[in-house]
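Student: Would you mind keeping the following structure in view while I ask a few things?
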Amino acid sequence: MIAVSLEQTVEYFHHRHERRQLEEDLRAEAERRIPLITENMKYFARLADWDREVLQRGRAATVSGGFVTFVLPDRPQIPTLLRPEDAAWPAAKASGLVAVLPNKGVEGWDLVDFYAQRAEQGNDERTIAGEAFHAVADRLGVSVAPGATVRVTPEERDELMRALALYSEKTRTFMVYNADWQGASDAAVHGASTVDQVQPYIDRAMAAIPK
């Protein structure tokens, strides 16, 4: 009985240590992620603004001699953006380590993981739309670099603008998904776990999306 009791005590303290370490890892990763998403959003907002300006110029261009001509706006240099980390929770689930957490903790970090996956999906959709836009531009033989002059037929202009509009829409959706992820991460850091508890954090992150 003494041996069993000692074994149970050792196991208890081992699980408690594992829980504290996992909670610390999850919280530290989320705390690094929150400001990084904020910084990334500033650059995505600039890209979205550029897309919107190109759409306005392209759609407003008038036909002359069977062609429409418009100049693309300049755009600030966009650095290579770092992807926010989200490895700790998937690793804990894969190893079964999540079992050391209380149910509320599992629920909260599962919500964060849901929004992380949705942001990843949004990024994939945005990438596909961007590749489609550039494929249209390449096929039409036009440069879509900032400051370039575009000269196309009205039909080609409309095709190019449709592809850009979809890309712009996917960029804005991706920003919304990132705000969801950021808000859920902030909520988990502060101990929120249910959907109702998390929602105010998401609302705050959504309100901070650059217009």
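Student: Please list 3J(HN,Hα) in residue order for the stretch 139-150, calculated via the Karplus relation 6.51 cos²θ - 1.76 cosθ + 1.60 where θ = phi - 60°; whole Hz, with x for glycine and proline.
Tutor: So the J values, rounded to whole Hz, are 5, 7, x, 10, 8, 10, 6, x, x, 6, 9, 9.
Student: For Arg75 and Asn103, compute 0.36 nm times the residue count separating them, minus their Cα-Cα distance, and round to one decimal in nm.
Tutor: Length difference between fully extended and current span is 5.3 nm.
Student: Let me ask something additional. Explain nothing, just the number: relative contact order of the stretch 77-211, from Cα pairs under 8 Å at least 6 residues apart, as a whole percent.
Tutor: 29 percent
Student: Hey, another quick one. How many lysine pairs does the chain hold where the Cα atoms are under 24 Å apart and the two sit 8 or more places apart or on different chains?
Tutor: Lysine pairs satisfying the spacing and distance rule in the chain number 4.
Student: So what are the ³J(HN,Hα) numbers for the stretch 45-55, from phi and the Karplus equation (6.51, -1.76, 1.60; θ = phi - 60°), rounded to whole Hz, Gly and Pro as x?
Tutor: 5, 5, 5, 5, 5, 5, 4, 5, 5, 4, 4
Student: What part of the accessible area of the chain, given as a whole %, is carbon or sulfur when the probe is 1.4 angstrom?
Tutor: Ligands and nucleic acids excluded, carbon and sulfur give 54 percent.
Student: Compare Thr149, Thr38 by solvent-accessible area with a 1.4 Å probe and give them largest first, with all protein chains kept in place.
Tutor: The most accessible residue leads, giving Thr149, Thr38.
Student: Could you sort Arg27, Arg32 by their accessible area in this structure, using a 1.4 Å probe and putting the largest first?
Tutor: From most accessible down to least: Arg32, Arg27.
Student: Something else: Can you work out the accessible area per residue across the chain, with the rest of the protein chains kept in place, probe 1.4 Å, in square angstrom?
Tutor: 57 Å²
Student: At what distance in nm do the modelled label points of Gln117 and Gln56 sit from each other, each positioned 7 Å from its Cα along Cα→Cβ?
Tutor: With each label point 7 Å from Cα toward Cβ, the separation is 4.0 nm.
Student: A follow-up question, please. Taking the simple approach of a point 7 Å from Cα along Cα-to-Cβ for both Ala135 and His17, what is their distance in nm?
Tutor: Output for this residue pair reads 5.4 nm.
Student: Kindly identify the stretch 85-126 as rounded, prolate or oblate by the Cα gyration tensor criterion: order the square roots of the eigenvalues as a ≥ b ≥ c, call it rounded if a/c is under 1.5, otherwise compare a/b with b/c, prolate if a/b is larger, else oblate.
Tutor: Note, shape of the stretch 85-126 comes out prolate.
Student: Keeping every protein chain in place, order Glu31, Glu120 by accessible area at 1.4 Å, biggest value first, i.e. largest first.
Tutor: Glu31, Glu120
Student: Compute log10 of I(q)/I(0) for the chain with the Debye formula, placing one identical point scatterer on every Cα and leaving out solvent, at q = 0.09, 0.15, 0.19 Å⁻¹, to two decimals.
Tutor: -0.49, -0.93, -1.23
Student: Would you tell me the accessible area of Ser143, worked out with a 1.4 angstrom probe on the heavy atoms of the protein chains, in Å² to the nearest 10?
Tutor: That residue has around 60 Å² of solvent-accessible surface.
Student: Then there's this: How much FRET efficiency would the formula 1/(1 + (r/R0)^6) give for Glu169 and Thr194, where r is the Cβ-Cβ distance and R0 is 25 Å, rounded to 0.05?
Tutor: After rounding to 0.05, the efficiency reads 0.20.
Student: Separate question: What residues qualify as long-range amide H neighbours of Val152, i.e. H under 5 Å apart, gap of 5 or more or another chain, H built at 1.01 Å from N?
Tutor: Val68
Student: Follow-up. Each label point is 7 Å from the Cα along the Cα-to-Cβ direction; what then is the distance between the points at Thr149 and Ala91, in nm?
Tutor: If labels sit at Thr149 and Ala91, their model points lie 5.5 nm apart.
Student: Related question: Report ³J(HN,Hα) in whole Hz for each residue of the stretch 174-182, in order, from the Karplus equation J = 6.51 cos²θ - 1.76 cosθ + 1.60 where θ = phi - 60°; Gly and Pro get x.
Tutor: Result, ordered by residue: 4, 5, 4, 5, 5, 5, 4, 5, 5 Hz.
The values are calculated or read from the model by the stated rules, or taken from the named source; none is laboratory data. The structure displayed is predicted, hence computed values, not measured ones. Here Cβ is always computed from backbone atoms with ideal geometry, including for glycine, and neighbour counts include all displayed protein chains. Ligands, DNA and RNA are excluded from the accessible area calculation, which covers all protein heavy atoms including side chains. Shrake-Rupley method; radii C 1.70, N 1.55, O 1.52, S 1.80 Å.
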